[in-house]
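> My questions will all concern the structure given below.
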Amino acid sequence: MYFGRAVGPYERELVANAQRLSKSGGGILASDESTGTIGKRLVSAGLENNETTRRDFRELLYTGEELGKYLNGVILFHETIYQSTRSGERFVDVLTKQGILVGIKVDKGLKPLPKHPEETYTEGSLPTPSAHVTYRCFT
């Protein structure tokens, strides 16, 4: 019970996740860069922007020793949900084994604001409830 009332399973899960994410000593890593954004970073380092290079970069990031000691959560990009280490272990599993809560970026990126193209807004989230179920199956 919370605040004197019964709660449903999703509310319990939400509270548990909030507690995990706000645990003292850990942070949240936003590694949800789109292929274009991470590509700029890779190209500036003299690397090719392709799926293999992006996967290698993410593997280096997610397999750091004792990462779970310093991170409570990681936000992933859509492509990353489907990627695995060179040895075949899914990144989601690599992070989860370290006690890190995994999330997914669900917006479609920045778009110019109509009539004010110098301003931007974040376009929507996942188009259908079934897409939410798809991502939930990865955890």
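The values are calculated or read from the model by the stated rules, or taken from the named source; none is laboratory data. Being a predicted model, the structure only gives us computed values, none of them experimental. A quick note on method: Cβ atoms are made from the backbone with ideal geometry, for glycine too, and the neighbour counts reach across all protein chains shown. Keep in mind that these areas ignore ligands, DNA and RNA; they rest on the heavy atoms of the full protein, side chains included. Shrake-Rupley method; radii C 1.70, N 1.55, O 1.52, S 1.80 Å.
> Once amide H atoms are placed 1.01 Å from N in the peptide plane, what residues at a sequence separation of 5 or more from L101, or on another chain, have their amide H within under 5 Å of its amide H?
G73, V74
> I've got another one for you. Is the C-alpha gyration tensor of the stretch 20-124 telling us rounded, prolate or oblate? Criteria: a/c under 1.5 is rounded; beyond that, a/b larger than b/c is prolate, otherwise oblate.
It comes out oblate by the Cα gyration axes.
> Tally Lys/Arg at +1 and Asp/Glu at -1 over every other residue whose Cβ is under 13 Å from the Cβ of G27; what's the total?
+3
> Over all directions, how big on average is the projection of the convex hull of the alpha-carbon atoms in the stretch 1-75, in square nanometres?
Value for the stretch 1-75: 7.1 nm².
> Separate question: At a probe radius of 1.4 Å, what is the per-residue accessible area of R90, in Å² to the nearest 10?
70
> With a sphere of radius 15 Å drawn around the Cβ of G73, what net charge do the other residues whose Cβ falls strictly inside it have (Lys, Arg +1; Asp, Glu -1)?
That sum, taken over residues with Cβ under 15 Å, equals +3.
> Can you list the aspartates and glutamates whose alpha carbon sits under 18 Å from that of K111, skipping same-chain ones fewer than 8 residues off?
Those aspartates and glutamates meeting the cut-off are D32, E33, E119, E123.
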